[in-house]
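A.B. asks: Please see the structure below; I have some questions.
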Amino acid sequence: MSKNTVIYRKYRPQSFDEVVGQEFVIQTLKNALAHDKVAHSYLLCGPHGTGKTSIARIFAKALNCKNGKEKVVCLECESCQEIEKGIAPDVIEIDAASNRGINEIRELREAIRFLPTKSSYKVYIIDEVHMLTKEAFNALLKTLEEPPDHIVFILATTEQHKVPFTIISRTQKFNLRHLNREEIDNQLAAILKKEGVEMDQETRALIVASAEGSLRDAQSILGKVLAIGATDNKQVRDVLGIANTQHIVLFVEHITQQRRDEAIVLLGTVVASGIDLDQFIQTVLQFVRTILLVKMSGGESLDTMFYFSKEEKDTMNRIAQDVGNRQLLALIKEMLDASQAVKYSPIPQLPIELAIVQLTPGAEEKSGSTERSADEAKETKEESPHETEDSPEEKPKTTKRVSKRTTVKKTTKTSSTRSKKTPQKTSAKTKRTTTRRKKSEE
């Protein structure tokens, strides 16, 4: 392999023993080879960068290795060398993303009739198989169910839910998992040792956290970091666009202590420094999540999180003692909503600013109370002792108002008395009419 080969290709596993984190899958495949119980089709499911294609190639080596019974994969015979270089005529890799139609599957069905050129098995590795069309899947069904004895299919996918159940039922399915942080860190340490580069554990932890369980992503990031020549913590943060830990701590403290203005100003500083806002939100979420775990476990969870420095652990313990669970849960919820809104917002930092406003209602109460106290002080200053006494100019006005009120009262009284008299008059008239009617009748 040339010196210019990127790190993730340079250190790709070439044997079962070099595969990290997939012990169950490796042991099952080894047992199948040892007991000569090889299935005609396999389905490898899992996130990207977890070793699906590497395991498929290693299994193809083991099937066709001349010394396979002794060493499983010898890496020395002609077949192993050809597969490692990607020139083996009997190991065909197909990218389903670009060969997804029914015509490609028909050509495959025609090609499997022919025997291997010089190997024991003809192995077809179909990567990203979920990208095949519905018609292509239907054409592949019969071939997967009853292939020739010399054919082995190895399908790989990152989205198992898109693969039809009829395809899954005709294969042996294996689920590959994300690698944990310690496994990735050990691999990076081994690569750095071989490359002759020194990097402390805290700096490696930044790369491990950015990889999110993908060893290939961690190796790619490490290659970028080494290409720039960054080896210390600050340089790696600048390369990856990760916010400084002090910014994260201050941001969380400003919000939890209802310091809205300071939090918004700090966010502006983060944006001006060119830090990726998605990465910033992710770091805040990881930080707050860890504080919440510390509160629930009494600080024991920090012992297993080696990627935090001692100062960061002390800060988390301090914040965990001062902040309640509800406040932390609200902060996590708002940051999760902001992480989705940032992708579609015309102003990237706007969703985070809205989250700050939602999380700091105490800032409004403080500002409102200060405004009210200022208004009250202003009113007390403007009031004078002359304003409490009636001036001579205002006295006639008050007398006029009193006279108006008295006249209104008199009018209401007269109207009420009239209303009382009218029903008496009407009652007398009715009496007269009744007496007249009686006389007329007599």
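A.B. asks: Could you check the spin-label model distance between residue 102 and residue 150? Points 7 Å from the Cα along Cα→Cβ, value in nm.
C.D. replies: Output for this residue pair reads 3.0 nm.
A.B. asks: Further question: According to a simple spin-label model (label point 7 Å from Cα along Cα-to-Cβ), what is the distance in nm between residue 332 and residue 269?
C.D. replies: For the pair residue 269/residue 332, the computed spacing is 2.7 nm.
A.B. asks: Something else: Quick one: if the Förster radius is 45 Å, what FRET efficiency do residue 345 and residue 310 give, using the C-beta to C-beta distance and rounding to 0.05?
C.D. replies: Values: r = 37 Å, r/R0 = 0.82.
That gives a FRET efficiency of 0.75.
A.B. asks: Using a ≥ b ≥ c from the Cα gyration tensor of the range 245-363 (square roots of the eigenvalues), is it rounded, prolate or oblate, where a/c under 1.5 gives rounded and otherwise the larger of a/b and b/c decides, a/b for prolate?
C.D. replies: Note, shape of the range 245-363 comes out prolate.
A.B. asks: Counting only residues 5 or more places away or on other chains, whose amide H sits under 5 Å from the amide H of residue 43 once H atoms are built in the peptide plane?
C.D. replies: 155, 172, 173, 174
A.B. asks: Net charge near residue 220: determine it from the other residues with C-beta under 14 Å of the C-beta of residue 220, scoring Lys and Arg +1 and Asp and Glu -1.
C.D. replies: Working: positive: 9, 10, 12, 216, 224; negative: 212, 217.
My count for the surroundings of residue 220 gives +3.
A.B. asks: Output ³J(HN,Hα) for the range 316-328: one whole-Hz value per residue in order, computed from phi by the Karplus curve 6.51 cos²θ - 1.76 cosθ + 1.60 with θ = phi - 60°, and x for Gly and Pro.
C.D. replies: 5, 4, 5, 5, 4, 7, 9, 10, x, 5, 4, 5, 5
A.B. asks: Turning to a different aspect of this structure: According to the square roots a ≥ b ≥ c of the eigenvalues of the Cα gyration tensor, what is the shape class of the range 181-240, taking rounded for a/c under 1.5, prolate for a/b larger than b/c otherwise, and oblate for the remainder?
C.D. replies: Working: a/c = 1.43, a/b = 1.14, b/c = 1.25.
Rounded shape, in that the Cα axes give a/c under 1.5.
A.B. asks: Taking 0.36 nm per residue of separation and subtracting the Cα-Cα distance, what length does fully extending residue 160 through residue 76 add? Provide the component values of the computation, followed by the final result.
C.D. replies: Details: separation 84, 0.36 × 84 = 30.24 nm, distance 3.50 nm.
Fully extending the segment from residue 160 to residue 76 adds 26.7 nm.
A.B. asks: Classify the range 8-175 as rounded, prolate or oblate from the Cα gyration tensor: take a ≥ b ≥ c as the square roots of its eigenvalues, call it rounded if a/c is under 1.5, otherwise prolate when a/b beats b/c and oblate if not.
C.D. replies: Here the range 8-175 falls in the prolate category.
A.B. asks: So which of 162/343; 66/134; 66/194; 30/310; 10/173 end up more than 32 Å apart, counting from Cα to Cα? Let's see the in-between values first.
C.D. replies: Numbers: 162/343 25 Å; 66/134 39 Å; 66/194 30 Å; 30/310 43 Å; 10/173 28 Å.
In this structure, 66/134; 30/310 lie more than 32 Å apart at Cα.
Each reported figure results from applying straightforward, stated rules to the coordinates on display, with no laboratory input. It should be emphasised that the depicted structure is a prediction, and the values quoted were computed from it without experimental measurement. Glycine gets a Cβ as well: all are built from the backbone with ideal geometry, and neighbour counts include every protein chain shown.
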